[in-house]
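First up is the structure itself, then whatever we jot down about it.
The values are calculated or read from the model by the stated rules, or taken from the named source; none is laboratory data. These numbers come from a predicted model, not from an experiment. Cβ atoms come from the backbone with ideal geometry, glycine included; neighbour counts cover every protein chain shown. Ligands, DNA and RNA are excluded from the accessible area calculation, which covers all protein heavy atoms including side chains. Shrake-Rupley method; radii C 1.70, N 1.55, O 1.52, S 1.80 Å.
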Amino acid sequence: MILVTGGAGFIGANFVLDWLANSGEPVVNLDKLTYAGNLETLKSLQGDARHVFVQGDICDRALVDALLHEHRPRAIVHFAAESHVDRSIHGPGEFMRTNVEGTFTLLEAARAYWSDMAEPAKAGFRFLHVSTDEVYGSLAPDAPAFTETHGYEPNSPYSASKAASDHLVRAWHHTYGLPVVTTNCSNNYGPYQFPEKLIPLMIVNALAGKALPIYGDGMNVRDWLYVTDHCSAIRTVLADGRLGETYNVGGWNEMPNITIVKTICAILDELRPSEAGPYERLLTYVTDRPGHDRRYAIDARKIERELGWRPAESFETGIRKTVQWYLDNPTWIANVQSGTYREWVATNYAVR
Ligand code: NAD
Ligand code: DAU
């Protein structure tokens, strides 16, 4: 049994599906179901005894303690977070609470649980913290990609909260010996991503004939990884990562935002042509995000060299699959847009 936090969100839910498909080991999934949590994504697991869903907050120490003692997981994989940079700019409070206080609460609960474990289970226990490349700050155009030794220079409330959580995880290993590993990953894309993030927002807006808002000059660069490749990296690090280490995860796939959006437009022109004309007609340059980091790029050589992990998906195939997934799943999109997805837990899912 493993405990996954945030397993109803974009990456967490993809991870739960991927984990159960690959290993079959049961999962207890603790998720608060904020606006970003969507159990409809996990509907294929209804009635599957290997998946135990618990709606709850990672800041709730009594609940986390109870789950650890009831389910005796051999690992915690910690995804739960507030994840959207724009939301962190407008309202940073929840980011501090979930990302910092929530990680602290989990670490303390994990420490108490792990301290009481008997060998050999104790030696095998892992706390895997899922983090982001944004903690390293912004790269100059010609600077080498982020390695694991790059200094922390977070620039947004979101990245500052994730940086703080990374430091807590490091300290709990250094001071208490808690067996932790951390992954710092680049931008993910793929099925089930909430349409507030760049790629799903552009697909969904284009299909609705709405403006495609490009922040600033559209030349900010991100490094993109298909979500199932992130899932396989996490499985790899959980299995073989060295304790106390951090592993950068990325697809060697840097691209300016405008190139991404034009690529999406071209794929849609081919797969779902619009009578109104090419989708690029909807491109709209808007005011920039405050403090907008110019460039992120991940040097993934450590995880490749030490653990033999490589991404399976190229951007060309991954973006095409992603656009096709959104075309094939209009109900998932409609339920997210109408808010109906929030009723899923009450109407379609047995909680615990
Ligand atoms: P998401 O916003 O889609 O999902 C977050 C999930 O956490 C949701 O299901 C939400 O309900 C849950 N949650 C939020 N607050 C909670 C709380 N207090 N208690 C319990 N559950 C809570 O996020 P995502 O994009 O899937 O990201 C998952 C993790 O991966 C985050 O830690 C994020 O920082 C990290 N990450 C994301 C990306 C990316 O490109 N999306 C890249 C690198 C790292
Ligand atoms: O780098 C990893 C991070 O990637 C994760 O840690 C975060 O959780 C995740 O949200 C993502 O952060 P970004 O800020 O890079 O993602 P977002 O999709 O919000 O934006 C990607 C780029 O596109 C960024 O440069 C801002 C730009 N953008 C975004 C939106 C939503 C636009 O130009 N227009 C938009 O409407």
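Before moving on, here are some points about what is shown:
- The residue that is farthest from ligand 1 (Cβ to nearest atom), counting only those in segment 152-199 that are open to solvent by 20 Å² or more (accessible area, probe 1.4 Å) and on the phi > 0 side of the Ramachandran plot, is 177.
- One residue alone among 51, 78 is within 15 Å of ligand 1 (Cβ to nearest atom), within 28 Å of residue 333 (Cα to Cα), surrounded by 19 or more Cβ atoms within 10 Å (Cβ to Cβ) and over 19 Å from the mean Cα position of the chain (by Cα), and that residue is 51.
- Cβ pairs under 6 Å, 6+ apart, first in segment 1-25 and at negative phi, second more than 7 Å from ligand 1 (Cβ to nearest atom) and at pLDDT below 95: none
- Hits in segment 173-200 (condition: over 16 Å from the mean Cα position of the chain (by Cα) and either within 16 Å of ligand 2 (Cβ to nearest atom) or without any contact (Cβ under 8 Å) to a residue 12 or more places away in the chain (or both)): 175, 177
- Qualifying residue in segment 251-258 (condition: within 24 Å of residue 83 (Cα to Cα), over 16 Å from the mean Cα position of the chain (by Cα), of a type in the set (D, E, K, R) and within 16 Å of ligand 1 (Cβ to nearest atom)): yes
- Within segment 107-149, the set of residues being within 11 Å of ligand 1 (Cβ to nearest atom), in a helix (DSSP H, G or I) and in contact with a helix residue (DSSP H, G or I) (Cβ under 6 Å, 6 or more places away or on another chain) comprises 134, 135.
- Members of segment 4-42 found to be among the hydrophobic types (A, V, I, L, M, F, W, C), buried (at least 20 other Cβ atoms within 10 Å of the Cβ) and over 16 Å from the mean Cα position of the chain (by Cα), listed by number: 27, 28
- Evaluated against (1) open to solvent by 20 Å² or more (accessible area, probe 1.4 Å); (2) more than 10 Å from ligand 1 (Cβ to nearest atom); (3) touching a helix residue (DSSP H, G or I) at 6+ places or on another chain (Cβ under 7 Å), residue 208 falls short on exactly one condition, (3).
- Check on residue 319, farther than 30 Å from residue 47 by Cα, within 16 Å of ligand 1 (Cβ to nearest atom) and β-branched (Val, Ile, Thr): yes
- Every residue from segment 246-274 that is surrounded by fewer than 17 Cβ atoms within 10 Å (Cβ to Cβ) and either among the small types (Gly, Ala, Ser) or closer than 30 Å to residue 122 by Cα (or both): 266, 274
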